[in-house]
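Derivation of every value follows stated rules applied to the coordinates shown; laboratory data play no part. Keep in mind it's a predicted model, so treat the numbers as computed, not measured. As a convention, Cβ positions derive from the backbone with ideal geometry for all residues, glycine included, and neighbour counts pool all protein chains shown.
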Amino acid sequence: MKFVYKSHFKFRAKQRGISLKLATEIYENASEKFYDVLREHHIVICRMKFRSRIRNLVLAYDRIDDTIEFVTTHIIKDKEIDNKVRSGRWKHEQN
C-alpha cells in the first residue's frame, strides 16, 4: 500500500499539529470506518491520546487501486460523528 499526502492534507495536518507518521497511525489503527456521501471520501476515526487528552482523530482519504491519498485530518467530537451518521452523510463501511 502506497500513501500519498495531498497538498491540502499537508497544510491542514501541519496547521493542526498532526504529523505524517501520526496520520498513518490513524489510518492503520482506525476503530471506525465510514464513507462520506457528500464529499465522496472514505473516513476513518481513531480514538487516541493527542495533546494530553484522549480524542477522536479523523482522516479523510481516497483509495485508488493500491494507493491511499490522504485528503484531510482533524479532531472530531462524538456528537459530530453521531450527527453525520444520523443525517445519512456518513455511511458505515466494512473492512
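Selection of region 66-80 for residues being closer than 28 Å to residue 2 by Cβ and either of a type outside the set (Asp, Glu) or assigned to a helix (DSSP H, G or I) (or both) yields 67, 68, 70, 71, 72, 73, 74, 75, 76.
Residues checked against (1) among the basic types (Lys, Arg); (2) in contact with an Asp or Glu (Cβ under 9 Å, 6 or more places away or on another chain):
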{"site": "15", "(1), (2)": "no, no"}
{"site": "23", "(1), (2)": "no, no"}
{"site": "30", "(1), (2)": "no, no"}
{"site": "66", "(1), (2)": "no, no"}
{"site": "71", "(1), (2)": "no, yes"}
{"site": "77", "(1), (2)": "yes, no"}
{"site": "81", "(1), (2)": "no, yes"}
{"site": "86", "(1), (2)": "yes, no"}
{"site": "91", "(1), (2)": "yes, yes"}
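The set of residues in region 42-71 that are touching a His at 6+ places or on another chain (Cβ under 8 Å) and more than 17 Å from residue 89 (Cα to Cα) comprises 57, 63, 71.
A single entry from 10, 21 fulfils the requirement of being surrounded by 13 or more Cβ atoms within 10 Å (Cβ to Cβ) and farther than 22 Å from residue 81 by Cβ: 10.
Looking only at region 1-28, how many residues end up being assigned to a helix (DSSP H, G or I) and touching a residue at least 60 places away in the same chain (Cβ under 8 Å)? Qualifying residue count for the region: 4. Here 39, 63, 55 are screened, and the one residue that is in a loop (DSSP other than H, G, I, E, B) and surrounded by 11 or more Cβ atoms within 10 Å (Cβ to Cβ) is 39.
Of the candidates 55, 47, the single residue that is of a type in the set (Lys, Arg), free of Cβ contacts under 8 Å to residues at least 24 places away in the same chain and under 17 Å from residue 12 (Cβ atoms) is 55.
Based on this model, can you work out whether residue 31 counts as free of Cβ contacts under 8 Å to residues at least 40 places away in the same chain and on the phi > 0 side of the Ramachandran plot? Against the criterion (free of Cβ contacts under 8 Å to residues at least 40 places away in the same chain and on the phi > 0 side of the Ramachandran plot), residue 31 does not qualify.
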